[in-house]
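The block underneath contains the structure these notes are about, expressed in structure tokens.
Taken together, the values in this text are just the output of simple stated rules run on the coordinates, not laboratory data. Please read these numbers as outputs of a predicted model, since none were measured by experiment. Here Cβ is always computed from backbone atoms with ideal geometry, including for glycine, and neighbour counts include all displayed protein chains.
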Amino acid sequence: MKTLKTFAGAASLFASRFAFAADAPAEQPLNWHAIVMFLIFVAITLIITYWAATRTKTASDFYAAGRGITGLQNGMAIAGDFMSAASFLGIAALVYMNGFYGLIFSVGWLVGWPIILFLIAERLRNLGKYTYADVVSFRLQQGPVRTMAAIGSLIVVIWYLIGQAVGAGQLLHTLVPQISYRESIVVVGGLIIIYVTFGGMKATTWVQIIKAALLLGGATLMAIGVMAHEGFSFAKLFSDAVAIHPKHMDIMKSVVKIGAKANPLESISLGLTLMLGTAGLPHILMRFFTVTDSKAARKSVLYGTCFIGFFYILTFIIGFGAIVLVANNPEYVANISKSILDLKGGANMPAVYLSHAIGGDLFLGFIAAVAFATILAVVSGLTLAGASALSHDIYANVIMKGRASEKQEVWVSKMSVIGLGVLAVLLGFAFEKQNIAYIVGLTFSIAACTNFPILALSVFWRGLTTRGAVIGGYTGIFGSIGLLIVGPTIWTSILKMGPAIFPYDFPTFVVLPLVLIVAYIASVTDKSESAAKERAAFDAQMIRAETGLGAEAGAVAH
Amino acid sequence: MSELIASKIQNNPKYLQLVRSRNTLSWTLSALVCIMYFGFTLMIAFTPDILTQPIAADSVIPVGMLMGVGVIFASCVLTGIYVYVANHTFDPIVNEIVSEASK
């Protein structure tokens, strides 16, 4: 049981919980540096949105940036879409509290990327148009398959949005106490509605690229600052951290959180969830439709993986740097006689204070603005992915059965963006005081148990039929949600119903095999004529997937 | 894509060879990543003592830290290998197949 709490506790950090934000003292001086830098970022992104809006005319422009994004640009945008403020502040905070334990999460999230490249990136680009449901429904029945895939996408997107909205509210309020939690969320909601409705995927992509550059640049400067302080010696960094940290040598032994024992099943399930969940996130999969061809899709994963891997190593140095420079420093620690680790403003502050320790108010302002820009970029990508599931899958292909004009479809998309933006703000309000520790489990479990396996089966297995995909898909969605509800985080911690019926936080090790078995049985027992046609259509699908013949054309270089 | 082109590609031995070699590479590399990552994960569960040993007698850096960073680094290298092979081996074959089929 102890392990479960460990993973749940770690997961909660990644669900963007910025604890105790409300306790920040109101008389704190206004953080001008942060506000000015944030306004500069907003001004630049609004100019880009204006530029993108004048160049967004067709549905392909809106959803896929006209398929004119290069491999390098998309690699940056992938990194910008994926590296969240929660992983920046959260991993640094985990390392700060527990030593090198935080590395387990970084590694899990990174290894999803090679899998995306080896198995799905190019095939996705060759087969799809705007959403991953295009690929799953390529040779299957549009209505039922797209409905299932869109529901899977929307659940992931909406819960991910809640985490980001709550995180944004708490982060901005902590950094600039004069702005309230609710005002912060309204600012985020308003900005992303402007970016996405006017600028579509072009604006979203460039917001993500700029954010990735700022975040990588900022984190690099911080890591250099730390290493300069430690005479560019890792040995000195780690021995200083061991000397200062109250857990001393234990922080170098914490392959699992200090005091906990790893459980093999739990570890495997967590690993599967992080790895395959990454490969099933709808806003990430959508990025592969923006590039010119499958070659660019492939390159973009290589660049993206390197940027993200580099970033994770930086957060690691930042976490250890914070032990040396932030812990035991009365300027940052709440009550130094009680604990030299507990910081003012809550658990996710080590990276923020480290920037102050290295570069004073100016650098703190910069990092604060970067953290906020990070949330904007992730939320934009999520909102666009959710809107495309509503407009392209549900409206254009399920309700209108492909008869909607491009103009109508894009209009519905923009309305969906506004709807999702408003929904994110309202849910952000509603979840202000809620325990959202299960969000990472929920979103990544559904992505790992539904989106990824159904996508992989449709591309690699001739035998998959509509019945198999639909029944398998719903098994993944409802199986994950059901087991999460009766699991330790929701059943025991939130609902207080006593010991969990299903004692694991990540149900992937049960649900994923179940989905594969159900999809297999439902497909092979399907003797209908349409199922036979779907199997026969596999050859043509495979030719397109492998050669790119018939794939959506990319933009000519511009 | 016309039926004719599709059947030409379907019957082109180069296409079958391409699919086979690309699948071999994809699944081999995927298996490598899984072995690396789940090996690391299972070591955490079963043999944490090995991971917490320092890399040298006078060092505080544990073996597990190097292994974790190693997995990140290896992931980048393996993606690089796939992209290199795809660019230099698979793409020319795809181009040949496509041009032969559209003749």
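General remarks:
- In percent, rounded to a whole number, the relative contact order of chain A is 30, using alpha-carbon pairs under 8 Å and six or more apart.
- Near A:Val326, no amide H atom lies under 5 Å from its own; only residues 5 or more places off or on other chains count, and H is placed 1.01 Å from N.
- Rounded to 10°, Cα long-axis angle of helix A:264-278 versus longest principal axis of chain A: 70
- Counting Cβ atoms of other protein chains within 10 Å of each residue's Cβ and taking the mean over peptide A:537-545 gives 3.
- Ordering of A:534-546, B:45-57, A:404-416, A:345-357 by burial proxy (mean other Cβ atoms within 10 Å per residue, highest first): A:345-357, A:534-546, A:404-416, B:45-57
- Our compactness index for segment A:391-442, the C-alpha radius of gyration over the empirical 2.2 N^0.38 Å, is 1.57.
- In this entry, the protein assembly as shown is assigned a mean projected area of 28.1 nm², taken as a quarter of its C-alpha convex hull surface.
- Cβ crowding within 10 Å averaged over residues, with A:169-176, A:491-498 ranked highest first: A:169-176, A:491-498
- Degrees separating the helix A:294-325 axis from the principal Cα axis of chain A, which is the longest one: 20
- Quotient of Cα Rg and 2.2 N^0.38 Å for chain B, N being how many residues it contains: 1.68
- Rounded to the nearest 20 debye, the dipole magnitude of the protein assembly as shown is 1180 debye, with +1 charges on Lys and Arg beta carbons, -1 on Asp and Glu beta carbons, and the Cα centre as origin.
- Chain A: calculated mean residue ellipticity at 222 nm from DSSP helix runs of at least 4, using -39500 (n - 2.57): -22000 deg cm²/dmol
- Paired Rg and Dmax values of segment A:464-545, which use every Cα atom, in angstrom: 17.5, 54
- Histogram of C-alpha separations across segment A:303-385, 5 Å bin width, %: 3, 14, 17, 22, 19, 12, 8, 4, 2, 0
- Other protein chain C-beta atoms within 10 Å of residue C-beta, averaged over A:299-310: 4.
- Across peptide A:546-553, the mean count of Cβ atoms from other chains lying within 10 Å of each residue's own Cβ comes to 5.
- Positive end of the dipole of chain A (Cβ unit charges, origin at the Cα centre): among A:Ser530, A:Ile44, A:Ala555, the Cα lying farthest that way belongs to A:Ser530.
- √(5λ) per eigenvalue of the Cα gyration tensor, segment B:42-87, largest first, Å: 30, 13, 5
- Legend: residue pairs A:Lys211/A:Lys338; A:Lys401/A:Lys533; A:Lys211/A:Lys299, Cα-Cα distance threshold 28 Å; pairs beyond threshold, A:Lys211/A:Lys338.
- With θ taken as phi - 60° and the Karplus curve 6.51 cos²θ - 1.76 cosθ + 1.60 applied, the whole-hertz 3J(HN,Hα) list for segment A:485-502 is 5, 8, x, x, 5, 7, 4, 8, 7, 8, 7, 6, 9, x, x, 5, 6, 10 Hz, x standing for glycine and proline.
- The ellipsoid that matches the Cα gyration tensor of segment A:134-270 has semi-axes, each √(5λ) in whole angstrom, of 39, 26, 18, with the longest given first.
- Sequence-separation-based contact order of segment A:231-367, relative, with Cα cut under 8 Å and 6+ spacing, percent: 21
- Sorted peptide list for A:196-208, B:17-29, criterion being average Cβ within 10 angstrom, highest first: A:196-208, B:17-29
- In the distance distribution for segment A:422-558, Cα-Cα pairs more than 17 Å apart total 68 percent.
- Only Cα sites of segment A:81-204 enter the Debye sum here, all with the same form factor; the resulting log10 I(q)/I(0) across q = 0.23 1/Å is -1.31, listed in q order.
- Angle in degrees between helix B:91-101 and the longest Cα principal axis of chain B, rounded to the nearest 10: 20
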